[in-house]
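I have placed the structure first, in the form of C-alpha cells, so that the comments after it can refer back to it.
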Amino acid sequence: MSWTVDPMHTQVEFSAKHMGIMTVKGAFTGVSAEINFNEDDFTASSVQATIDAGTLSTHDERRDAHLKSPDFLDVERFPTITFKSTSIEHAAQDQYTMAGDLTIRDSTRPVSLEVVYSGQAKDPMGNMHAGFSAYTTINRKDWGLNWNMALETGGLLVGEDVKLALEVEAVKAAQAVAA
C-alpha cells in the first residue's frame, strides 16, 4: 500500500561538530517521499525520498548561505538530495535496518539507517497515519563535501561526520492529510 509523507509532521535534521567543541544543528523543511508500506511485513516495504536542498536552515543566514554554496551542497547545480531504499531487515521488535542509496551532489553512495516503527493511528477525519524514526551518521567527504579550514589551535573548523535524524509521519495514499 502506498503512503506519502505528511510534511507538517515530518522532520529531517542534521548535526555536525563546529571547531570540534560545539554541535551545529539544522533541518531541511522541503521533504517528500513515497513509501510502499507493507503492513504485514515491513521488510517487504520500500522508500523513495526527495529533499529540497535549498530548504536547509540552521537559523543563521550566513552559515546557511555557505552550506548552500558550491563549498558544500551547491544547491543551484544540485537542488535535491535523494534516498532510495534497497533492503530492509528486521533487527528487534519494532526496530529495522534500512539500506539504501543516498545521492548528494550527483554522487550516490550506500547508507544504512536504523529505523524504529512507532505504530499507526487514525486521525479524527479517519485518515490512517504511521510513524517512523530513523538515524544514521555519514562522512560528508564521501559525497564530495570537502571544504574545511584548519584551526590555529589544531583540528578543523567543520567535522566530517554528519548525523542525520528523521521523524516521519506517513499517511495512507488516497486520504487527505490532516492538519
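Taking only segment 71-85 into account, find how many residues are modelled with pLDDT of 95 or more and either loosely packed, with under 12 Cβ neighbours inside 10 Å or among the acidic types (Asp, Glu) (or both).
The total comes to 2.
Out of segment 45-70, which residues are over 20 Å from residue 32 (Cβ atoms), surrounded by 13 or more Cβ atoms within 10 Å (Cβ to Cβ) and charged (D, E, K, R)?
Scanning segment 45-70 gives 63, 64.
What are the pairs with Cβ atoms under 6 angstrom where one residue, in segment 119-147, is at positive phi and at pLDDT below 90 and the other, located anywhere, is surrounded by fewer than 16 Cβ atoms within 10 Å (Cβ to Cβ) and not β-branched (Val, Ile, Thr)? Sequence gap at least six, or different chains.
The qualifying pairs are 144/107.
Would you be able to say whether some residue in segment 35-50 is in a strand (DSSP E or B) and farther than 19 Å from residue 165 by Cα?
Residues of segment 35-50 that are in a strand (DSSP E or B), as a first pass: 35-36, 46-50.
With the extra rule that they be farther than 19 Å from residue 165 by Cα, the set shrinks to 36.
Checked segment 35-50: at least one residue is in a strand (DSSP E or B) and farther than 19 Å from residue 165 by Cα.
Name the single residue, out of those in segment 106-119 being open to solvent by less than 60 Å² (accessible area, probe 1.4 Å) and of a type outside the set (A, V, I, L, M, F, W, C), that is nearest to the chain's Cα centre (by Cα).
Per the stated criteria, the residue is 112.
Loosely packed, with under 15 Cβ neighbours inside 10 Å and not in a loop (DSSP other than H, G, I, E, B): which single residue out of 134, 91 fits that description?
91
Any idea which residue in segment 12-62 is nearest to residue 104 (Cα to Cα), counting only those that are touching a residue at least 60 places away in the same chain (Cβ under 8 Å) and touching a Gly at 6+ places or on another chain (Cβ under 6 Å)?
14
Is it the case that residue 14 is farther than 17 Å from residue 116 by Cα, part of a strand (DSSP E or B) and in contact with a Lys or Arg (Cβ under 8 Å, 6 or more places away or on another chain)?
Yes.
Under the condition of being more than 15 Å from residue 169 (Cβ to Cβ) and β-branched (Val, Ile, Thr), which residue from segment 1-44 is least open to solvent (accessible area, probe 1.4 Å)?
Selected residue: 24.
Here are 67, 73: which of them is within 15 Å of the chain's Cα centre (by Cα) and over 20 Å from residue 171 (Cα atoms)?
Working: 67 fails: within 15 Å of the chain's Cα centre (by Cα).
The unique qualifying residue is 73.
The values are calculated or read from the model by the stated rules, or taken from the named source; none is laboratory data. Keep in mind that what you see is a predicted model, and the values were worked out from it rather than measured. Please note: Cβ atoms are built from the backbone with ideal geometry, for glycine as well, and neighbour counts cover all protein chains shown. The accessibility values were calculated without ligands, DNA or RNA, using every heavy atom of the protein model including side chains. Shrake-Rupley method; radii C 1.70, N 1.55, O 1.52, S 1.80 Å.
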